[in-house]
Amino acid sequence: MLGARSDIYLRKLLLVVSLLLLFAGPFAAIAQPITPLAPPSGSDPEYRINPGDELDILIWGEERLQRVVRVLPDGTFTFPLAGRIAAADRTVTEIANQIRLNIAPNYREGAPDITVAVREATGMRFYVMGKVRTPGGFSSGKAVNVIQALSMAGGLAEFADVKNAIILRHTAQGQTVERVRLSALLKGARGIDPGRLAAPLPLLEAGDVLLIP
């Protein structure tokens, strides 16, 4: 009698184990955490210097040559031993390399390392006008796209017409007007497909005016 009961108990146990093995696979797959997709490679473009920007320049081992310089309206500045340096529309890395090249003849064992940093990006000043919450002028130490500029201006105001936003830009050939299609982007997931954008967001340059009618 005891042996029969044990046999029944063993059969029930085997049935339970079989059911667990049968359903464990699907449930385990559901329970596994989803690994997020890696973000697309690339980052914001490196900031390019504008007239009016203030730079902090340090030559390692030559503290006496440390300087804070302001880029002149013609896009240049002067630095001891290096002479006049063209800075406008160049990155801090390019400027550091140019200074090092210019001062190299003054050193027998090669020019020391040079660090150039943006101390104040007053030259990179743009404007957001029209139907935004806080219109006005803004400064940034790096390149800013139109969505970031809207954020700095507090976002859109009521009745803003994002379908007809424009960028006013002054060039050597005169003023230009560039249309900006913000409506799809501002709708988020409802207006755009996932994945890499077909065209990058327009970047604002120094003196640009983003106008939201």
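The values are calculated or read from the model by the stated rules, or taken from the named source; none is laboratory data. Keep in mind the model is a prediction, meaning the values are calculated, not measured. Cβ sites come from the backbone with ideal geometry, for glycine too, and all protein chains shown count toward neighbours.
Evaluation of Val116 against the conditions (1) in a loop (DSSP other than H, G, I, E, B); (2) at pLDDT 90 or above shows that the sole unmet condition is (1). Looking only at segment 105-141, residues that are under 30 Å from Val162 (Cα atoms) and exposed (fewer than 15 other Cβ atoms within 10 Å of the Cβ) come to 5 in all. Here Gln98, Gln173 are screened, and the one residue that is under 16 Å from Glu205 (Cβ atoms) and either at pLDDT 90 or above or exposed (fewer than 14 other Cβ atoms within 10 Å of the Cβ) (or both) is Gln173.
Selection over segment 86-105 of residues that are outside any helix (DSSP H, G or I) and under 16 Å from Tyr47 (Cβ atoms) gives a count of 5. Residues that are modelled with pLDDT of 70 or more, farther than 12 Å from Tyr127 by Cβ and under 19 Å from the mean Cα position of the chain (by Cα) within segment 196-213 comprise Arg196, Ala199, Pro200, Leu201, Pro202, Leu203, listed in sequence order.
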